[in-house]
Amino acid sequence: MNAQLSPQLQDNLVEIQDLKKWFPVQKSFLDQLLAGRKDFVRAVDGVSFNIRRGEAFGLAGESGSGKTTIGRLAIGLETPTEGKVLFDGIDLGRQNERELRHLRRRMQVIFQDPMASLNPRMTLGDSVVQGLKIHYPEAAEKHRDTLLDIFERVGLSPARYFINKYPHQISGGQRQRVVIARALITRPDLVLADEPIAMADVSVRALLLELMVQLKQEFNLTYLFITHDLATAKYICDRIGILYLGRMAEIGDLKEVYSHPLHPYTQALMAAVPVPDPHKRRTQTMPAGEIPNPINPPSGCRFHPRCPIAQEICSQVEPELRELRPGHQAACHFAEQFL
Amino acid sequence: MEEKQTTPEAVPQWQLDLDKVGFVRRLFLARKWYGGDWWFVAVSAVLLLFIILLGVAPQWFAPYDPREEVGPALLAPGEVPLGYVLVVPAGSSVTSIKEIGTNQNNIGFVVGSPASQALRKTTDELNAAEKEAGSGITYQPRPRRYETNELGLTDLTEGKIDGFVASMEELEPLLPNFPGVKVVGDLSGNTRTFALGTNQIGQDVLSRVIWGTRIALIVGLSSAIAAFLLGVPLGLISGFVGGPFDRILTMLMDSLYSFPGLILAIAIAAVLGAGIGNVIVAIAVLYIPTYFRIVRGQTLSVKNDLYVEAARSLGTPPWQILTKYILPNVIPSVVIIFSVNVADAILTEAGLSFLGLGLPPDTPDWGIDLARGQDYIRRAWWLITYPGLMVSLVTLSFSMLGESLAEILNPRLAEL
Amino acid sequence: MNDTTPPLVQIRDLSVTYKTRLGDTSAVDKVSFDIRRGEILGLVGESGCGKSTLGKALLRMIMPPGRISAGQILFNGEDILTFDDKRLRDYRGRQASMIFQDPMTSLNPVQTVEQHLTEAIQVHDAGAESQSMARRIQALIERLGIMQSRLASYPHQLSGGMRQRVMIGLGLVLNAGLIIADEATTSLDVIVEAKLVDQLREIRDEYGVTILAITHNIALVAEMADRVAVMYAGNLVELGEVNRIFDRPLHPYTQGLLASVPTTEINERKELYKMPGEPPNLARPPSGCRFHPRCPVAMPICSRYRPGLNEAAPGHWVHCWLYQDHPEKEEKTLKVAA
């Protein structure tokens, strides 16, 4: 929950403006000759949203939605094909390599696979302290204390024991805590969490979720939380954006969106999530077909071939996001019927 | 370490146990974990230590100077040198002519045979040596002449004479009939035999083989190290940086690599000329592409691993990414290649010197010995057998070490 | 599902062990239960609990260093552990088949969909004539919602959901009696997953196939299963009708698991239950009941003896000392209403 911030601080930490990222498709030489034009995977095809300082913003979608790519664009790990990413008012696209690296202190990442994201040949302490060494080299004597402190804070106690271990010597849940520690040691403003608990054991996920929520309060963080699991998003996110095939279908306050989904895709998504209650089995039918190829998205509204309420206009005109309830937008020509 | 578990997730007991043991105990525990592999490592390590010892201090092991002509040519392993020998009664404790060369002893020989000349020559030499030493000892045995060897041997058996001189050639067929006598060595008191025989010019094969280790190790290790020091950084940078630099370098390395090894080495050695330094250079150039390819390939794959990306997202500068993240994860496979490479380098060096390229002709080197001995396969098999065996043994040891390192260097060694 | 007809599969005291460097790991430890004809049984547990191993054991697909060390698996009354190679080949595919987690790697990349299905038939029915085969395949793909045009496609040209349907097809084309779905939907998007669940339910209704759904997602089990079996660290800890298990879970692990599952229901006020500890290392499992180090209501007896599976209420089995008596147990035994 947002604390009452004073007016001048309540601004957007991240602004995504009309972001597009197209990846060229690797074709054989012959195909290129014959086909003529180049093909692109339109991973992100015109997305705009803001993340307010201090909030946890969720970006949800299935495969091909572009959520991971947007995450990477938001912290400058990729450069946009079109559009802008503003971090605290700074245009990331206009920064050179060095300036960007410098900015990194303020935006950190928690990756999905903790085993793969830790250097197998570095001790856990070393892996985590790198951030301090890079961004605060002059305060070297304080590094060890800060390191021990952050290990304790993420629940890896006794810290002295864990800093000398290697990734393969600890459990999966513990590894993810190390990744969290690494992300937070430089006291960043923004944390990109890319499916952070997807690979943890089911019984451990709740602990990790709670840790992330706690740390958000303690460290005054802003989260960009990327997930395919709407259920977990509920426990950590204040606002959420639903992506479909590179475009934003719906965006708003999480409780709002979950209780009143306005876009047919969001409705299908919410209905599809299995409910752990056999008395409440799903009765709705799922949209026909499958997610189309992002190289050639459908004309007009991308969801129209599968949409139960699609009309002729839907295949011709792509709907824009419009505010239908306070703080709640949906990109659908006929969303009014669900109000 | 029964510290209270304040972590919500308990650290499994077996992991705690693992850390309690010291390094030495862990080596022993390793035996249980690795089973057969552990013995592999142990055996190859012992073998290698021995080989290195041979190379470092050959003088401790080699009985003779490898270049000195210490014996008759083409003597078989363990064979007593053919020549004129001293025969004594079986029960006698005499071991050389010195002990029965004084006035009091009777030495027999066949009249008119070269044996008497051999005897006189020997005593002359001994007397000259004693005169120089100023010891005042003279050797002047009393000669006893016989018509035939058999008569002399009979008297010897009966103890009528103290010793008998004849050539081994003549004695050999007779000895079985005279069980009461024994051959104790040639006339100068030398009972030496050569454990591995001698070569065409009388050099001791054993000594040459031992000294050959030094050359092999020097050339093998130096060239492998040189190739390593050049190939690894080039591969790292090339794989990391990519672009046209990478492409040009790769093409260059690929063309070098596609040459059959020995031929390339020959070409380089021929161009550079003789000398051990040039041999090392030639072999090193041969192996640089190997390291380059392996390291570049690994770098390309590691470059895209998640932890490298994580490092990048931390703001790590590229140089640090290369040295702290990519290099440590690429090195293990290279170390394995290195040990196999040393083995290969030794083979190549043997091949080069076999062809007469590079090393001065009298160097005690396995390749040279193999070259010289190839015409004598039937007559004197020991000339090529022992150098050949050594090449194989050293190659094997390094290869074994390389293979077993693959297991050890794997960071998952402590995991279930 | 009839309670009176004999069960399709009877597992009795099954144990599977793996030989590892640090000793023998018991991945499945004396597990017994039945799979009734025509039911969908959800086998749920975390990673390492042995559920996948159990599934593989049902097809005798345990490879060294693992082996089935004890027990029986009766399929239609016959112990499959005694089958010779020939009988085993007939059993696999024709009587029991499997759908795997990653359909990309379990389909042959150089065979089209049609070739896959045809081959499956031919392996088991060498004399099948092509016309009748084509008809069977045709009917099947229509039923499964695979388009005609897809028959000539290769696996890499199909989407994940489509590939899974091909796998189901492979199971059905031979009229297998048992389909084992091992994390079949784990790699799929949630909408595709939902459709696949619908599909499985439909084919069970129409063909009477028995389905063993192995998953770590307990919500999925609530959506599709008739009965639920919960596994933990190689043991079967609870088994019963799906409604009972979710309304009144008896085993502390099941209770904890259910309380820690997130939902999209925004009106739920309660927090997620955070289960302490982590699943144990099976090479050195805890003594007695393997769950006791993490159990909020563990008693002294729990670390000393292992409880057996006990029918605490009709059709509801629990592996827990709370519901059983023991001479050394001091605490009261809980009674469960039917």
Can you tell me which residue among C:GLY256, C:GLY234 is more than 12 Å from chain A (Cβ to nearest Cβ) and at pLDDT 90 or above?
C:GLY234
Determine whether A:GLY252 is surrounded by 22 or more Cβ atoms within 10 Å (Cβ to Cβ) and away from chain C (no Cβ under 14 Å).
no
Starting from segment C:266-290, keep only residues that are within 7 Å of another protein chain (Cβ to nearest Cβ), then list their pairs with residues that are basic (Lys, Arg) whose Cβ atoms are within a distance under 7 Å, requiring at least 6 positions of separation or different chains.
C:ILE266/A:LYS234; C:ILE266/A:LYS255; C:MET275/C:ARG294; C:PRO276/C:ARG294; C:GLY277/C:ARG294
Given B:ILE346, B:ILE384, which one is at pLDDT 85 or above, of a type in the set (A, V, I, L, M) and closer than 22 Å to B:GLN203 by Cβ?
B:ILE384
Search segment C:197-208 for residues being surrounded by fewer than 23 Cβ atoms within 10 Å (Cβ to Cβ) and either in contact with a Gly (Cβ under 6 Å, 6 or more places away or on another chain) or under 22 Å from C:ASP102 (Cβ atoms) (or both), and hand back the single one that is farthest from the other protein chains (Cβ to nearest Cβ).
C:GLY208
Looking at C:LEU212 and the list (1) within 11 Å of chain A (Cβ to nearest Cβ); (2) touching a strand residue (DSSP E or B) at 6+ places or on another chain (Cβ under 8 Å); (3) outside any loop (DSSP other than H, G, I, E, B), which single condition is not satisfied?
(1)
Answer residue from segment A:206-232, given it is of a type in the set (Phe, Trp, Tyr) and touching a strand residue (DSSP E or B) at 6+ places or on another chain (Cβ under 6 Å) and is nearest to A:ASP113 (Cα to Cα) among those
A:PHE225
Looking for whichever is within 13 Å of chain B (Cβ to nearest Cβ), outside any loop (DSSP other than H, G, I, E, B), free of Cβ contacts under 8 Å to residues at least 24 places away in the same chain and over 30 Å from A:ASN50 (Cβ atoms) here; the options are A:ARG175, A:ARG160, A:ARG144, A:ARG98. Which one fits?
A:ARG160
Of the residues C:HIS326, C:HIS316, only one is farther than 30 Å from A:GLU256 by Cα and surrounded by 18 or more Cβ atoms within 10 Å (Cβ to Cβ); which?
C:HIS316
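For every residue, the table says whether it meets (1) within 14 Å of chain A (Cβ to nearest Cβ); (2) touching a residue at least 24 places away in the same chain (Cβ under 8 Å); (3) not polar (S, T, N, Q).
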{"position": "C:GLN95", "(1), (2), (3)": "no, yes, no"}
{"position": "C:ASN108", "(1), (2), (3)": "no, yes, no"}
{"position": "C:GLN122", "(1), (2), (3)": "no, no, no"}
{"position": "C:ALA126", "(1), (2), (3)": "no, no, yes"}
{"position": "C:GLN138", "(1), (2), (3)": "no, no, no"}
{"position": "C:ARG150", "(1), (2), (3)": "yes, yes, yes"}
{"position": "C:TYR154", "(1), (2), (3)": "no, yes, yes"}
{"position": "C:GLY160", "(1), (2), (3)": "yes, yes, yes"}
Determine whether B:VAL219 is of a type outside the set (Ser, Thr, Tyr), touching a residue at least 24 places away in the same chain (Cβ under 8 Å) and within 24 Å of B:TYR84 (Cβ to Cβ).
no
In segment A:220-233, is there at least one residue being polar (S, T, N, Q), within 12 Å of chain C (Cβ to nearest Cβ), in contact with a Ser or Thr (Cβ under 9 Å, 6 or more places away or on another chain) and in a helix (DSSP H, G or I)?
no
Tell me whether segment A:267-275 contains one or more residues that are over 24 Å from A:PHE49 (Cβ atoms), crowded, with 21+ Cβ neighbours inside 10 Å and at pLDDT 90 or above.
yes
Subset of segment C:20-53, residues touching a Phe, Trp or Tyr at 6+ places or on another chain (Cβ under 7 Å) and either away from every other protein chain (no Cβ under 14 Å) or free of Cβ contacts under 8 Å to residues at least 12 places away in the same chain (or both), comes to C:ARG21
Counting only residues in segment B:216-258 that are of a type in the set (Val, Ile, Thr) and closer than 17 Å to B:GLN298 by Cβ, the one nearest to the chain's Cα centre (by Cα) is identified as B:VAL232
Can you tell me which residue is nearest to the chain's Cα centre (by Cα) among those in segment C:243-263 that are surrounded by fewer than 21 Cβ atoms within 10 Å (Cβ to Cβ) and among the hydroxyl-bearing types (Ser, Thr, Tyr)?
C:SER260
Hey, any hits in segment C:232-242 for a residue that's farther than 23 Å from C:ARG306 by Cα, crowded, with 20+ Cβ neighbours inside 10 Å and not hydroxyl-bearing (Ser, Thr, Tyr)?
yes
Please verify whether A:PRO287 is surrounded by 19 or more Cβ atoms within 10 Å (Cβ to Cβ) and closer than 30 Å to C:GLU202 by Cα, treating the condition exactly as stated.
yes
If I go through segment C:221-280 residue by residue, how many of them are in a loop (DSSP other than H, G, I, E, B) and under 22 Å from A:GLY173 (Cα atoms)?
16
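The values are calculated or read from the model by the stated rules, or taken from the named source; none is laboratory data. Bear in mind that the values here come from a model prediction, so they are computed numbers and not experimental data. Heads up, the Cβs are rebuilt from the backbone with ideal geometry, glycines too, and the neighbour counts pull from every protein chain shown.
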